[in-house]
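Structure first, commentary second.
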Amino acid sequence: MSAILRTISVGWPLRVFFTEDAFAEKNLVLKNALADHRPRRVLVVLEDALAQSQPALERHIEKYFSAHAGLLQLARAPLFVPGGESSKNSVTIVTDILAQVDKHHIDRQSYLIAVGGGALLDIAGFAAATAHRGVRHVRIPTTTLSQADSGVGVKNSINAFGKKNFVGTFAPPHAVINDFNLLSSLKPREKRAGYVEAVKVACIHDADFFEAIERDAKKLVSFDPTAMKKLIRRCAELHLDHIATGGDPFETASARPLDFGHWAAHKLEQLSNFRIPHAEAVAVGIALDVIYSRKLGLLDEQSCERVLKLLAGLGFDLFACELLGKNAQGDFLVLAGLEEFREHLGGELTVTLLKKIGTGVEVHEMQPGKVIAAIHELQERGGKK
């Protein structure tokens, strides 16, 4: 037998810019992120709900590209597509975007810019990653959740076979533009959503950040702009640090620490037919795993209560009735989320729990009895805030 072995090393610069009024003609952040020595064609995909809530946005986008037409050529008027988690349940939107990529000759030297929430970014990113084996993709997240977490990551996906994110790719965006002003039309429930991912990453990586969220909790509840900007930036920074320095950016191993609290959350979304939004499912999932960590003897009671108090104080319910759902054999349906979580990466089950605030710990099995006991404790607490 003979073999040829080569090691392929690829560098992926991941740039996240923070700005306001990204489509103001004098704001050069987007232009400088895209343009170089030659004109570039651009297809803009815009979430339709955002366009409806900010009716001037489409015109601002078109005026921006007109002002910089020497280097940026808008292939067509912004393409409106639906967002929200339910939009990820079909390939239809992906194929619609791919049809426009083909029709308007968006090649690998062109750009596909997605403007919207996390689900829309997932869909458009998947289309960009698969067209021509990879079109340059720029994300402009428009929710706190996507600006702080999903929008600054390297994943793209759609749901399939009743499973969240079953079909997708790892494809780092060419750039991410976080425009705080695009959050202005969000409803309170949507503005709050990003807070839970900040609590998550603070729990497992940064005790000082956790304390900062505690101090700013009242300001965050009232959506104080300064407090929100600080939270979004630090949360995004911690996510990027983990992706860049954690040693496994494309999740080739069996662990994904940034999904602390997510094994139950993903299953809750599915069991509720996505009635429960991602952020609210994650809040329940974190609460469940924090109590489980305490019951396992990993986490002290005071730290457990701090996490639960902070989540509730930020406005999240900590219990969902779907946790109690059972199959015909009497098994708790949510426990199937553990096998789905394992299967998503393969190998042995690896779940991140909490050892202390700021420090996560990986375990390779979950004791069903203690998980069920944690569920019942959440039920007894009643999700009270």
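Just one of (1) surrounded by fewer than 19 Cβ atoms within 10 Å (Cβ to Cβ); (2) assigned to a loop (DSSP other than H, G, I, E, B); (3) of a type outside the set (S, T, Y) trips up A312, so point out which.
(2)
Does A236 qualify as being modelled with pLDDT of 95 or more, in contact with a strand residue (DSSP E or B) (Cβ under 7 Å, 6 or more places away or on another chain) and buried (at least 24 other Cβ atoms within 10 Å of the Cβ)?
Yes, satisfied.
Of everything in segment 337-348 that's within 22 Å of the chain's Cα centre (by Cα) and touching a residue at least 40 places away in the same chain (Cβ under 8 Å), which residue is surrounded by the fewest Cβ atoms within 10 Å (Cβ to Cβ)?
So the residue we want is G346.
Which ones in segment 146-193 are in a helix (DSSP H, G or I) and farther than 18 Å from A22 by Cβ?
Listed by number, the residues that qualify are S150, P188, R189, E190, K191, R192, A193.
Tally time: how many residues in segment 153-193 are buried (at least 24 other Cβ atoms within 10 Å of the Cβ), under 11 Å from the mean Cα position of the chain (by Cα) and not small (G, A, S)?
1
Test I93 against the criterion of being out of contact with any Gly (no Cβ under 8 Å at 6 or more places or on another chain), part of a helix (DSSP H, G or I) and either at pLDDT 95 or above or outside the structural domain of A22 (by TED's automatic domain parsing) (or both), and give yes or no.
Considered against the rule, which asks whether it is out of contact with any Gly (no Cβ under 8 Å at 6 or more places or on another chain), part of a helix (DSSP H, G or I) and either at pLDDT 95 or above or outside the structural domain of A22 (by TED's automatic domain parsing) (or both), I93 comes out as yes.
Right, E269: crowded, with 21+ Cβ neighbours inside 10 Å and farther than 14 Å from T352 by Cβ or not?
yes
Name the single residue that is nearest to I276 (Cα to Cα) among those in segment 54-96 being exposed (fewer than 15 other Cβ atoms within 10 Å of the Cβ) and among the small types (G, A, S).
Residue satisfying both the conditions and the ranking: S86.
Any idea which of V201, V138, V196 is of a type in the set (A, V, I, L, M, F, W, C) and either surrounded by fewer than 22 Cβ atoms within 10 Å (Cβ to Cβ) or in a strand (DSSP E or B) (or both)?
Within the list V201, V138, V196, the selection yields V138.
Results for (1) crowded, with 18+ Cβ neighbours inside 10 Å; (2) touching a Lys or Arg at 6+ places or on another chain (Cβ under 7 Å); (3) touching a residue at least 24 places away in the same chain (Cβ under 8 Å), shown as yes or no for each residue.
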{"site": "L335", "(1), (2), (3)": "yes, no, yes"}
{"site": "L354", "(1), (2), (3)": "yes, no, yes"}
{"site": "Q367", "(1), (2), (3)": "no, no, yes"}
{"site": "A374", "(1), (2), (3)": "yes, yes, yes"}
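Please work out if L43 is surrounded by 12 or more Cβ atoms within 10 Å (Cβ to Cβ) and modelled with pLDDT of 95 or more.
Yes, satisfied.
Could you check I177 against (1) out of contact with any helix residue (DSSP H, G or I) (no Cβ under 8 Å at 6 or more places or on another chain); (2) of a type outside the set (D, E, K, R); (3) assigned by TED's automatic domain parsing to the domain that holds K164 and say which number it fails?
(1)
Every residue in segment 97-118 that is without any contact (Cβ under 8 Å) to a residue 60 or more places away in the chain and either under 23 Å from the mean Cα position of the chain (by Cα) or loosely packed, with under 13 Cβ neighbours inside 10 Å (or both), please.
I97, L98, A99, D102, K103, R108
The values are calculated or read from the model by the stated rules, or taken from the named source; none is laboratory data. Computed from a predicted structure; not experimentally measured. All Cβ positions, glycine included, derive from the backbone under ideal geometry; neighbour counts span all protein chains shown.
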